[in-house]
Amino acid sequence: QVQLVESGGGLVQAGGSLRLSCAASVRTFSSYAVGWFRQAPGREREFVADISTGGTFTQYADSAKGRFTNSRDNAKNTVFLQIQSLKPEDTAVYYCAANWRAIATAGSAYDYWGQGTQVTVSS
């Protein structure tokens, strides 16, 4: 069982930045690919970014390219999502999810999910 805990969300003005963290409880975290998803009120959950087990491969949604940076520190069992130039449309609950080895953009591919962290961007 993998437990994931997100943190780092908050209220920020447009143009600001945040760094979200996703901490995992499992010792073999380096064997898990991690994805980030978000869900805004009244909208479906959408893929944001993912990162391979070793951190060498990342993918981003078009809305995230150029502003979001996904990284990981396997020694600390933590994945980070740096978000810059925040926009009001980035307002959502952000979730991290883990999947054994396989990187994926579909939420259905992930077996473990965190509880989410709220990001609110004011204009």
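The values are calculated or read from the model by the stated rules, or taken from the named source; none is laboratory data. Quantities reported herein were computed from a predicted structural model and do not represent experimental measurements. With ideal geometry, Cβ positions are generated from the backbone for all residues, glycine too; neighbour counts draw on all protein chains shown. Keep in mind that these areas ignore ligands, DNA and RNA; they rest on the heavy atoms of the full protein, side chains included. Shrake-Rupley method; radii C 1.70, N 1.55, O 1.52, S 1.80 Å.
Please work out if Thr53 is of a type outside the set (Gly, Ala, Ser), in contact with a strand residue (DSSP E or B) (Cβ under 7 Å, 6 or more places away or on another chain), open to solvent by less than 30 Å² (accessible area, probe 1.4 Å) and touching a residue at least 40 places away in the same chain (Cβ under 8 Å). So Thr53 fails the test.
Counting the residues of the range 32-54 that are closer than 24 Å to Gln1 by Cα and modelled with pLDDT under 95 gives 1. For the range 1-55, taking the residues that are among the acidic types (Asp, Glu) and farther than 21 Å from Asp73 by Cβ, the one that is nearest to the chain's Cα centre (by Cα) is identified as Glu46.
Within the range 4-11, can one find any residue that is modelled with pLDDT of 95 or more, farther than 16 Å from Ala92 by Cα, outside any loop (DSSP other than H, G, I, E, B) and open to solvent by less than 20 Å² (accessible area, probe 1.4 Å)? Yes, because at least one residue in the range 4-11 is modelled with pLDDT of 95 or more, farther than 16 Å from Ala92 by Cα, outside any loop (DSSP other than H, G, I, E, B) and open to solvent by less than 20 Å² (accessible area, probe 1.4 Å).
So which of Ala64, Ala97 ends up being at pLDDT 95 or above, open to solvent by less than 50 Å² (accessible area, probe 1.4 Å) and outside any strand (DSSP E or B)?
On the way: Ala97 fails: outside any strand (DSSP E or B).
Exactly one of Ala64, Ala97 is at pLDDT 95 or above, open to solvent by less than 50 Å² (accessible area, probe 1.4 Å) and outside any strand (DSSP E or B), namely Ala64.
The selection criterion, being more than 17 Å from Val121 (Cβ to Cβ), open to solvent by less than 50 Å² (accessible area, probe 1.4 Å), without any contact (Cβ under 8 Å) to a residue 60 or more places away in the chain and of a type in the set (A, V, I, L, M, F, W, C), does not hold for Val48. Listed conditions (1) part of a loop (DSSP other than H, G, I, E, B); (2) farther than 20 Å from Val119 by Cβ are all met by Ala75, apart from (1).
The single condition from (1) open to solvent by 20 Å² or more (accessible area, probe 1.4 Å); (2) modelled with pLDDT of 95 or more; (3) closer than 22 Å to Val2 by Cα that Thr28 fails is (2). Checked against the criteria, Asp111 does not count as among the acidic types (Asp, Glu), in contact (Cβ under 8 Å) with a residue 24 or more places away in the chain and crowded, with 18+ Cβ neighbours inside 10 Å. Would you call Gly54 part of a loop (DSSP other than H, G, I, E, B) and among the small types (Gly, Ala, Ser)? So Gly54 fits the description; yes. Counting only residues that are closer than 23 Å to Gln3 by Cα and open to solvent by 30 Å² or more (accessible area, probe 1.4 Å), the range 81-94 holds 2 of them.
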